[in-house]
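The values are calculated or read from the model by the stated rules, or taken from the named source; none is laboratory data. Since this is a predicted model, take the numbers as computed values, not measurements. Using ideal geometry, Cβ is built from the backbone for each residue, glycine included, and neighbour counts are taken over all protein chains shown. Just so you know, the surface numbers come from the protein's heavy atoms only, side chains and all, with ligands and any DNA or RNA stripped out. Shrake-Rupley method; radii C 1.70, N 1.55, O 1.52, S 1.80 Å.
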Amino acid sequence: MTRRKLLIAGSAMLTLAALLGVLVVLLPRGATIGLDAFWNHLMSQVRQDWMLSAAYALNWIGGGWVAIALVPLLIVLLLVLLGRWRGAVFAALSFVVSAGLTQLLKEIFARARPDDMLVTSDFGSFPSGHTSNAATIAVVLWLVFPRVWMAIAGVLWVVAMALSRTLLAVHWITDTLGGALVGASAALIVGAFVLSWASLGWLPTPEPAQRSPRDADPPVS
């Protein structure tokens, strides 16, 4: 993954998130309201106690001081303990940029939340802050440790968080899509600027220098 590709991907995701925000705000009776209403009704029909228990847990993990301070600090500390202090700086910057972009778009679009919320939440439904934070975590860890299992775990984490937000009726489904785009874009854009410096996992490992015949160990007599 090159700096150019990271920047293009991050910028495209952020642009898509902004366009989606325009769509859901300027066209409240347009294409998205049908999807949002359908999904909101579907979630109200499939709720089970175990689903709600999991959703309440994710609501706590993905919001408030836990999401703003505790989880980012734990990830930064983990990277430092693993000897990846530059990766830790990259992670911290990504979390700050993600939170800033999310709050900025919330203020710009000022979308109303569903009326049947099961938990209290702050101002602005679009984009979902919980999903944005989850996507930032997923992409940060994937960029630092580019493994297939890390990518799969990240996708599952983001999907679980998005589903939990709609299960609790605290967000529309398009809010979670916007949140995922914003959170991922923040990590990708920051990663584009610190790719070489932070020694992210996408950088190739230099090949060991070839030893010439004259460098060979002398024969033992």
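A few points about this structure:
- So SER98, is it surrounded by 18 or more Cβ atoms within 10 Å (Cβ to Cβ) and of a type in the set (Ser, Thr, Tyr): yes
- Within region 152-173, being assigned to a helix (DSSP H, G or I) and more than 14 Å from the chain's Cα centre (by Cα) holds for LEU163, SER164, ARG165, THR166, LEU167, ILE173.
- When region 90-142 is limited to residues that are aromatic (Phe, Trp, Tyr) and under 23 Å from LEU79 (Cα atoms), the one that is farthest from the chain's Cα centre (by Cα) turns out to be PHE90.
- Consider region 122-146 and keep the residues that are outside any helix (DSSP H, G or I) and open to solvent by 10 Å² or more (accessible area, probe 1.4 Å). The one that is farthest from VAL71 (Cα to Cα) is PHE123.
- Members of region 88-111 found to be among the aliphatic types (A, V, I, L, M), farther than 16 Å from ASP175 by Cα and touching a residue at least 40 places away in the same chain (Cβ under 8 Å), listed by number: VAL89, ALA91, LEU93, VAL97
- The residues listed here are VAL76, VAL119; of these, the one that is open to solvent by less than 30 Å² (accessible area, probe 1.4 Å), among the β-branched types (Val, Ile, Thr) and in contact (Cβ under 8 Å) with a residue 12 or more places away in the chain is VAL119.
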